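Report on one structure; see the data block that follows.
Read-outs throughout are calculated quantities, based only on the coordinates presented, and are distinct from any laboratory measurement. Not measured: the values here are computed from a predicted model. Cβ atoms come from the backbone with ideal geometry, glycine included; neighbour counts cover every protein chain shown.
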Amino acid sequence: MSLLRTFTQNSPVITLYFVWNYFVIQRNYFRIKFRINMEIKICKPNEIEEIFLSQIIDLIVQGGQIKSDRSGIRLLLSMADYIAFKHINNLVISTATLKNQYPSYKEKVFTLANSKYSDRYNKELGYIVTNPDFQNQGHCQHLLEAFFNLIKTHSIYATTRKPSMIHILNKLGFRQSGQVYNQDLTLLVYDFLPFSVAHYHLWDFDNNANSYISNGLEVV
């Protein structure tokens, strides 16, 4: 110990080295601790504890994409099929919802995007928000991948302004439908195909036709 003290007293570089390593160890400790305590929950609206639901509403409000107030958002959430969220202990860090939107809203979205077959998509994936302190760390993608394992038996649509969200949804099988509308909004759709894809491989999505085409077979 005395030898170490002598080195650090005589060399600022060595002192800085030990200080830096101390902070690296502390940082890694808290990262590991956070990972251990992280959990994803997927619940029906009436199953969510108020401590989580209130935070989810806060995140949606902070996201600034919804015109409704807190009571309006709470009502829309109560109409949803499922709400997914990722939390560390009691802190919600990311959330997403499988929504049952009003038919008039869905028709408006598909009309503005110049997209056909709106009646094919009966669910909306929305209210996708991540706590600003935890953004760009992969939490949203991790949550959506887990959530999608439950909801992928529905034909779903989603809208977004974010290229990063388009990238994530593309990985889950969503494709753009129609055209960009309201300057920067993109409509994406996912088709649940309830037959064996082993017989219908090489699928491609035709944005103009709004249909899947494979080996000359068109499904609309």
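Karplus-derived 3J(HN,Hα) values for segment 108-117, using 6.51 cos²θ - 1.76 cosθ + 1.60 with θ = phi - 60°, are 4, 4, 5, 5, 5, 7, 6, 10, 8, 6 Hz; glycine and proline are entered as x.
Need the full-extension length gain, GLU145 to LEU193, defined as separation in residues times 0.36 nm minus the C-alpha distance. One decimal, nm. Let's see the in-between values first.
Details: separation 48, 0.36 × 48 = 17.28 nm, distance 1.86 nm.
Between GLU145 and LEU193, full extension yields 15.4 nm more.
Fully extending the segment from ASN170 to LYS108, taken as 0.36 nm per residue of separation minus the present Cα-Cα distance, adds 20.0 nm. Counting only lysines at least 8 places from LYS86 when in the same chain, those with an alpha carbon closer than 27 Å to its own are LYS33, LYS41, LYS44, LYS67, LYS99, LYS123, LYS152, LYS162, LYS171.
Applying 1/(1 + (r/R0)^6) with R0 = 35 Å to the Cβ-Cβ distance of GLN183 and ASN37 gives a FRET efficiency near 0.30. Distant-in-sequence amide contacts of GLN101, defined by a placed amide H-H separation under 5 Å and a gap of 5 or more residues or a different chain, comprise GLU124.
Taking the Cα centre of segment 65-172 as reference, the dipole from Cβ charges on Lys and Arg (+1) and Asp and Glu (-1) amounts to some 200 debye.
Between ARG161 and ASP81, residue separation times 0.36 nm minus the direct Cα-Cα distance comes to 26.4 nm. Beta bridges per DSSP, both residues in segment 80-206: antiparallel share near 90 percent.
For the listed peptides 123-130, 38-45, a ranking on the average number of other beta carbons within 10 Å per residue, highest first, reads 123-130, 38-45.
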